1. Run ARG174 past the list (1) closer than 13 Å to ILE196 by Cα; (2) within 12 Å of the ligand (Cβ to nearest atom); (3) crowded, with 23+ Cβ neighbours inside 10 Å and report the number of the one that doesn't hold.
2. Of all strands (runs of 3 or more DSSP E) completely enclosed by the stretch 67-125, which ones contain at least 1 residues that are more than 19 Å from ALA7 (Cβ to Cβ), in contact (Cβ under 8 Å) with a residue 24 or more places away in the chain and within 22 Å of the chain's Cα centre (by Cα)?
3. With the requirement that a residue be surrounded by 18 or more Cβ atoms within 10 Å (Cβ to Cβ) and more than 14 Å from TYR170 (Cβ to Cβ), what does the stretch 185-205 give you?
4. Might you check whether a residue that is of a type in the set (Ser, Thr, Tyr), at pLDDT 95 or above and within 17 Å of GLY11 (Cα to Cα) occurs anywhere in the stretch 76-84?
5. Sort out which residues of the stretch 161-171 are surrounded by fewer than 23 Cβ atoms within 10 Å (Cβ to Cβ) and among the β-branched types (Val, Ile, Thr), and write them in order of number.
6. Does at least one position in the stretch 68-77 carry a residue that is touching a Phe, Trp or Tyr at 6+ places or on another chain (Cβ under 8 Å) and within 16 Å of the ligand (Cβ to nearest atom)?
7. Find the residue count for the stretch 198-243, including only residues that are among the small types (Gly, Ala, Ser), on the phi > 0 side of the Ramachandran plot and either within 16 Å of the ligand (Cβ to nearest atom) or free of Cβ contacts under 8 Å to residues at least 12 places away in the same chain (or both).
8. Taking only the stretch 174-190 into account, find how many residues are more than 21 Å from GLN282 (Cβ to Cβ) and either touching a strand residue (DSSP E or B) at 6+ places or on another chain (Cβ under 8 Å) or among the aromatic types (Phe, Trp, Tyr) (or both).
Amino acid sequence: MNRYDVAIVGGGPGGYTAALYCAQSGLSVLVLEKLGPGGQMATTDEVDNYPGFDTGINGFELAERMRRGAERFGVKTQFSEVKQAYLREAPKRLETGEGTVLARAVILATGAYPRTLGLPREEELRGRGVAYCATCDGMFYRGRTVAVVGGGASAVEDALYLSKLCQKVYLIHRRAAFRASEFQIKKLSESGVVPILESRVTELHGSETLSGVSVESIPSGEKTLLRCDGLFIAVGRIPDTALFRGQVALNSEGYFLADESTRTEIPGVFAVGDAREKPLRQIVTAAADGAVAAHFAGQFLLESSDIK
Ligand code: NAP
C-alpha cells in the first residue's frame with residue numbers, strides 16, 4: 001500500500017507547485033494524475049502571461065518543466081484516476097485505478113473540463129468535426145476551414161492557434177465584444193480570423209462528419225449556413241469536483257469552497273487552482289494556491305503528528 005505525507009489529486013500548475021513546496025519542506029509527496037501533467041495548461045499553445053519566459057512558452061513544455069522541477073525534490077507521480085476518496089478518515093484514503101493510497105493530508109488540484117454547447121448531435125459529432133481542444137486536434141484541420149465558438153481568453157487563443165494551421169478561421173461569439181486581454185485582441189485583429197459577433201450556433205450539419213453549422217444573428221434572428229470542417233467549442237469550463245460532492249463543500253457552480261488559505265472545511269484537505277472558488281483563474285494564481293496549500297498542509301501535519 002502506498003503511504004505518503006501528502007497526496008495531491010491533479011498534476012496541473014496548482015498540483016505540481018504544491019508538490020514542489022511540500023517536497024522541499026521534507027514531506028513525502030505523491031501526485032495522482034489521470035491523463036498527463038499540466039491539465040488545461042498543457043493544451044495551450046503559447047503561454048504569454050506566466051512570468052519568467054520573455055518570449056512565451058508552450059503550455060505542454062511548461063507542464064513538463066513543472067513536473068520535472070517537483071520530481072527533482074523527490075515527488076512521485078502516479079498516472080491513475082482517483083475513483084473514491086475517504087477524506088475524513090485518518091489517514092485519508094484514496095482508491096485509485098492502481099490501488100489504495102494513504103495520505104495524512106490531501107490537496108485537491110483537479111482543475112476543470114470543457115463545457116459543451118448542448119446542441120443536438122454534438123456528442124455524436126465529437127471527434128468527427130466537433131472538438132474542445134485546439135492544440136490537441138487542430139492538426140487534423142490543417143489547410144481547412146474551421147469555426148471557434150466562445151468569447152473568452154480560451155476561444156481567442158484557440159482561434160489564434162488555428163489561424164496558423166487552417167485556411168480560414170471564424171470566431172463566433174454571442175456578444176458584441178470578446179472577454180480577453182488587450183494583447184490577445186490586438187493579436188486577433190492581425191491574425192486574419194473572421195469574427196462573427198452577436199451570433200450563436202444553433203445546428204450542426206453533416207452526416208458522418210461535420211460539414212457546416214447554422215449561425216443565428218441574435219439581433220435580427222436571421223440564420224445563415226456556415227460551411228466548415230471543424231467546430232472548436234471554447235465556452236468555458238466546469239470544475240472537476242463531482243467525485244468529492246457530499247464530502248467537500250462546493251459552491252452553486254460546483255467549485256470547491258476554500259478561502260485564500262486553500263483550507264476546506266475538512267481538516268487536512270486543501271483545494272487549489274481552477275477548481276477552487278476564486279476571482280481569477282490563471283496559471284500564476286493556481287501556482288500561488290499550490291504554495292499556500294503546501295504551507296498550511298505542513299502546518300496541519302505538524303499539529304497532527306499523531307496521524308501516521
Ligand atoms: P470564460 O472566460 O468563462 O469564457 C467563456 C466564454 O464562452 C464567454 O465568452 C461566454 O459568453 C461564452 N459562453 C458560455 N456559454 C456559452 C454558450 N452556451 N453559448 C455560447 N457562448 C457561451 O472561459 P475560458 O475562456 O475557458 O476561460 C476560463 C478561465 O481561464 C478564465 O478565467 C480565463 O481568464 C482563464 N484563461 C486565461 C488564459 C490566459 O490568460 N492566457 C487562457 C485561457 C483561459 P459570455 O461572454 O456571454 O458569458
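The values are calculated or read from the model by the stated rules, or taken from the named source; none is laboratory data. Just so we're clear, the structure is a prediction, and the values are computed from it rather than from any experiment. Here Cβ is always computed from backbone atoms with ideal geometry, including for glycine, and neighbour counts include all displayed protein chains.
1. (3) is the only condition that ARG174 fails.
2. Numbers: elements: 76-79, 82-86, 92-96, 99-108, 112-114.
The qualifying strands (runs of 3 or more DSSP E) are 112-114.
3. LYS187, LEU204
4. Of all residues in the stretch 76-84, those of a type in the set (Ser, Thr, Tyr) come to 77, 80.
Cutting the leftovers down to at pLDDT 95 or above gives us 77, 80.
Filter once more, so that each one left must be within 17 Å of GLY11 (Cα to Cα): 77, 80.
Yes, that holds for at least one residue.
5. Answer for the stretch 161-171, where residues must be surrounded by fewer than 23 Cβ atoms within 10 Å (Cβ to Cβ) and among the β-branched types (Val, Ile, Thr): there is none.
6. No; the residues of the stretch 68-77 include none that is touching a Phe, Trp or Tyr at 6+ places or on another chain (Cβ under 8 Å) and within 16 Å of the ligand (Cβ to nearest atom).
7. So the answer is 2.
8. In the first step, residues of the stretch 174-190 are kept if they are more than 21 Å from GLN282 (Cβ to Cβ); the result is 174-176, 189-190.
Then keep just the ones that are either touching a strand residue (DSSP E or B) at 6+ places or on another chain (Cβ under 8 Å) or among the aromatic types (Phe, Trp, Tyr) (or both); that gives 174.
Counting residues in the stretch 174-190 that are more than 21 Å from GLN282 (Cβ to Cβ) and either touching a strand residue (DSSP E or B) at 6+ places or on another chain (Cβ under 8 Å) or among the aromatic types (Phe, Trp, Tyr) (or both) gives 1.
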